[in-house]
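To start, the structure itself, in structure tokens.
What follows draws every value from the coordinates through simple rules; no lab data is involved. Computed from a prediction, not measured in an experiment: that's the story for all the values here. Cβ: placed from backbone, ideal geometry, glycine included. Neighbour counts: every protein chain shown.
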Amino acid sequence: MNELILIAEDEPEIARILDAYLVREGFRTVSAADGQTALDQHSILKPDLVLLDVKMPRVDGWEVLAELRRRGETPVIVITALDQDIDRLQGLRLGADDYVVKPFNPAEVAARAKAVLRRSSSAGSKSVLRIGKLEIDLESHLAKVREDNVSVLLQLTLTEFRLLAHMAKAPMRAFGRSELIDACLPGGDALERTVDSHVSNLRRKLEEAGATGMMSVVRGVGYRLSAI
């Protein structure tokens, strides 16, 4: 059965256009005109992806996104007229998978939906990754550092976990910042300095858990995760 996309958008014309393009691309769709309805539809229908407007009645998009992240890992693409860096960073902090600014090309939104769903599908293809002291459970969304029969659970944000899991699939490979943005953060709307901040926090947490030296800087390229 084709993937189901929940369109959470209070402007009927925008919701209609998105629906038409997504159906044309082979998706099933359902719409919600306010945040509370979107949450109710998510609970009942378990959509594969949510297109989420920020400024909605009853419950705004940021609250909806935070609640969706408490419930699990349903991919979310935020669609909004808010185009400032602070708004994009808010979406990243709350765990958005992508961020599209209005006015937008609906064909691009459909393409981004496909890309996010591909990333989500490939991320679940292998449930546990083990690299040196590090163990990453993709299904339970947990990461641990094991040493001498002692496990230390890493307290990671959603973005930190995504970065760690993505790099762990190819240990010793040097990942460029732009590649990490495309794979783990909202497409072209993320900033390279945002990646630097997330990786810095991730490296600190790894070191505090005893995995010193696993995350390293590759000068002129980006970052590498090593099996030390």
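A few points about this structure:
- Helix 106-123 and the longest principal axis of the C-alpha atoms of the chain enclose an angle of approximately 40°.
- Peptides 221-227, 54-60 ordered by average Cβ neighbours within 10 Å, highest first: 221-227, 54-60
- When you restrict to C-alpha pairs under 8 Å that are six or more residues apart and normalise by the size of the stretch 128-225, the relative contact order lands at 27 percent.
- Net charge of neighbours whose Cβ lies under 11 Å from the Cβ of Arg177, counting Lys and Arg as +1 and Asp and Glu as -1: -3
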